[in-house]
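Structure in structure tokens, see below.
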Amino acid sequence: MPKKKLRLLKGRFYSIFTTGGSHPSLLFRKNKRKNKYYIVVFDSSNGRHRTRLKYPTSKGVKESYVQNRPLLSIRKDLGNHELFGLRIHKEDKVMIEIVKRRKPRMTKNYKKRFEK
């Protein structure tokens, strides 16, 4: 019997599985019929193309970072369970809104499916 997939809701946190492992992400736009999901990805380590947030997204993390561009993915890339205990502080929401407006990157699975 196949597993039932959770219905993803906008404004909620889910895991995104990329080549770098699993990261928490915020779903902000979706088109279920076309299988397109726009997400903002968060990290706990510093690096290129990341911006430090003023407040961490969860209690167990010292610092949180947001990737500077959103990610365009398909349903296969996202986890089946909502991540609870994560939130964005009011002062960091401005930065998240700036990231949402930028041109998105695409996951490998998205490129395989749509760009032939």
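Suppose the filter is open to solvent by 70 Å² or more (accessible area, probe 1.4 Å), among the small types (Gly, Ala, Ser) and modelled with pLDDT under 95; does residue 60 pass it?
So residue 60 fits the description; yes.
Any residue in the range 16-23 that is surrounded by fewer than 18 Cβ atoms within 10 Å (Cβ to Cβ) and in contact with a Phe, Trp or Tyr (Cβ under 9 Å, 6 or more places away or on another chain)?
The answer is yes, given that some residue of the range 16-23 is surrounded by fewer than 18 Cβ atoms within 10 Å (Cβ to Cβ) and in contact with a Phe, Trp or Tyr (Cβ under 9 Å, 6 or more places away or on another chain).
Filter the range 63-99 down to the residues that are of a type outside the set (A, V, I, L, M, F, W, C), touching a helix residue (DSSP H, G or I) at 6+ places or on another chain (Cβ under 7 Å) and open to solvent by less than 10 Å² (accessible area, probe 1.4 Å) and list them by number.
70, 73, 77
Just the residues that are without any contact (Cβ under 8 Å) to a residue 24 or more places away in the chain, closer than 24 Å to residue 55 by Cα and of a type in the set (Asp, Glu), please, taken from the range 70-116.
Result: 97, single match.
Continuing with the same structure: Report the residue count in the range 6-28 for those that are touching a Lys or Arg at 6+ places or on another chain (Cβ under 7 Å) and either basic (Lys, Arg) or free of Cβ contacts under 8 Å to residues at least 40 places away in the same chain (or both).
1
For residue 51, only one of the following conditions fails: (1) open to solvent by 60 Å² or more (accessible area, probe 1.4 Å); (2) among the hydroxyl-bearing types (Ser, Thr, Tyr); (3) part of a strand (DSSP E or B). What is its number?
Among (1) open to solvent by 60 Å² or more (accessible area, probe 1.4 Å); (2) among the hydroxyl-bearing types (Ser, Thr, Tyr); (3) part of a strand (DSSP E or B), the lone unmet condition for residue 51 is (1).
Still on this model: Where the second residue is acidic (Asp, Glu) and open to solvent by less than 40 Å² (accessible area, probe 1.4 Å) and the first is free of Cβ contacts under 8 Å to residues at least 60 places away in the same chain and lies in the range 32-53, which pairs have Cβ atoms under 8 Å and are six or more apart or on separate chains?
Filtered contacts from the range 32-53: 37/77; 50/43; 53/92.
Do we have any residue at all in the range 27-34 that's at pLDDT 95 or above and open to solvent by less than 20 Å² (accessible area, probe 1.4 Å)?
Within the range 27-34, one or more residues are at pLDDT 95 or above and open to solvent by less than 20 Å² (accessible area, probe 1.4 Å).
The values are calculated or read from the model by the stated rules, or taken from the named source; none is laboratory data. This one's a predicted model, so the numbers in the text were calculated from it and none came from an experiment. With ideal geometry, Cβ positions are generated from the backbone for all residues, glycine too; neighbour counts draw on all protein chains shown. These area figures cover heavy atoms from the full protein model, side chains too; ligands, DNA and RNA do not enter into them. Shrake-Rupley method; radii C 1.70, N 1.55, O 1.52, S 1.80 Å.
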